[in-house]
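Have a look at the structure below before the remarks.
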């Protein structure tokens, strides 16, 4: 017994070839010249020779599949079973491509089967041929299909119609459900169907503990089947006599709803499950015109698109969330009754499916998430780059291959840092600038753009911190002025200077080094926190305006870092702090991942506490204020005499409030 297969190197085809090979006869595969590497890989995979599995040159888009006359004469009368698997199973594919492959390809395959006098033509269709039929779709139903507006649904239906109406060779039709990976190994070759939601589950897992219940959707029934069941059933039914002209649903007789499917895979991936699932049909009381009107509002469309893009879900997949069709498979069950072949329960094989995806097909596996991959050859500007956080950041950027533009007030230190970084192989440019001087800021922007054109990354790090109680600042208004001048107006001047060319080139990233004090409302830092809060607020407003321009902002609410800036406050020598290198790692994370904000959990907790119970947050901060004294410098005393003794109580409080400025 000999076989001819189109799509033999595809996902279902690979397993079918292996299954048929066990029967011991010759298998002929339709192969394009450009795909012969897949043929070689298949032979190696299944341990077959080119005599057992023979490549027949041709193409799906030509008459008689483009098979040469000599090859067709050789095949004539030898093929007992012709399996037509080649098709487009891709929601992203264009309508033109689906028309050519699914419809024209099927017509050409039928002609080839007739020319080679095949014994039976086995057409692998899909449950998509039913369209969006509302109710139970039986195996003897075809013309009853509904809502075939989607190109994929329509071409799968029309290609099956060609088999039913034009095929003169005895034929059988098979409609598999949503085919996922192998039930034992999880193996699959591409993202499709329920896999579109795996990235969402993975991101939820990273953000929320597994034990925390969530709210989700219910949706329609998702008929999911593993590839090994499909192949076993297809191979068995195709060899049963007396079934020509039949249609067989290779489906799960008891499928789960979408919400149940997501929970099954959530458990497999150790993600939190949806304790409450909302059925979208409960909103059907709202007139469809109103629902569609809201759905098509520009901000709603953009939010939906951004959400789907973030999770890698095609918009066309949303049509199937409330999938209305249930498939009757009694004919398939009748033929398979004594075979031992049955569709396994999704729960029994969800773990290998998830595991294979996460190890092999997770899109993030193929993204360059390294700092070098992000900044190599890109222009990165770092202010305050001769010490502390700025110096540590300049080092990691230079090592990663960035065109590193360092800027600070002191020329001697700039030259020293430039020399050090260049000795380690960095490409470094040094610019002297006083960022509290607006004219100097403008000159700096002009020089950088003259030398490099547009800037890709701007790290606003230069800043001034003043630790002084308000009751010691009544006559020091200039403290507030000079802090605001550098921390807010200086950074703002650079953003306004570099942003036009960022917008012009359609890309740019601005990283602002803010403070945990903005989240905690740190006492003694009113001037510093106010200046950083102003920059944070501006960045949020600007981000909203630039959202569709690929120019993004990240605010880092940096906890206390051991830098020269906190040197005058000797009490910080005895409290937990980050190192400049730790801070540089946070900046690198911001550059690579471009989050809206980076903050410690303690900082976020403080912000939430202030929003929900502001008096409680105020009392906690006041306790710290009373516990830690002003520095000698703030009190106008001799700093040399400032040798504060840190009590056990103070150390414990600082350890609990790690990273907060006191």
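The values are calculated or read from the model by the stated rules, or taken from the named source; none is laboratory data. As the structure is a prediction and not an experimental result, all values here were calculated from the model. Note: ideal-geometry Cβ built from the backbone for every residue, glycine included; neighbour counts use all protein chains shown.
General remarks:
- Options 489, 538, 480, 474; residue that is out of contact with any helix residue (DSSP H, G or I) (no Cβ under 7 Å at 6 or more places or on another chain) and surrounded by fewer than 24 Cβ atoms within 10 Å (Cβ to Cβ): 474
- Filter result for the condition that a residue is in contact with a helix residue (DSSP H, G or I) (Cβ under 6 Å, 6 or more places away or on another chain) and modelled with pLDDT of 95 or more, over 312, 219, 269, 246: 269
- Members of region 159-203 found to be on the phi < 0 side of the Ramachandran plot, within 37 Å of the chain's Cα centre (by Cα) and assigned to a helix (DSSP H, G or I), listed by number: 159, 160, 194, 195, 196, 197, 198, 199, 200, 201, 202, 203
- Pairs with Cβ under 6 Å, 6+ apart, first in region 38-59 and more than 16 Å from residue 21 (Cβ to Cβ), second assigned to a helix (DSSP H, G or I): 56/71; 58/65; 58/66; 59/66
- Residue in region 57-72 that is assigned to a strand (DSSP E or B) and surrounded by fewer than 21 Cβ atoms within 10 Å (Cβ to Cβ) present: yes
- Count of region 594-607 residues which are closer than 22 Å to residue 541 by Cβ and either in a helix (DSSP H, G or I) or touching a helix residue (DSSP H, G or I) at 6+ places or on another chain (Cβ under 6 Å) (or both): 4
- Residue that is farthest from residue 635 (Cα to Cα), among those in region 545-569 that are at pLDDT 90 or above and part of a helix (DSSP H, G or I): 549
- Of all residues in region 487-521 being assigned to a helix (DSSP H, G or I) and under 25 Å from residue 606 (Cβ atoms), the one that is nearest to the chain's Cα centre (by Cα): 519
- Checklist (1) surrounded by fewer than 22 Cβ atoms within 10 Å (Cβ to Cβ); (2) assigned by TED's automatic domain parsing to the domain that holds residue 493 applied to residue 385, failing item: (1)
- Residue match in region 420-435 (condition: in contact with a strand residue (DSSP E or B) (Cβ under 6 Å, 6 or more places away or on another chain), in a helix (DSSP H, G or I) and more than 30 Å from residue 192 (Cα to Cα)): yes
- In region 78-92, the qualifying residues are those that are at pLDDT 95 or above and assigned to a loop (DSSP other than H, G, I, E, B), and the one that is surrounded by the most Cβ atoms within 10 Å (Cβ to Cβ) is 79.
- Exactly one residue among 138, 107 is surrounded by fewer than 19 Cβ atoms within 10 Å (Cβ to Cβ), touching a helix residue (DSSP H, G or I) at 6+ places or on another chain (Cβ under 7 Å), closer than 22 Å to residue 158 by Cβ and modelled with pLDDT of 95 or more, and that residue is 107.
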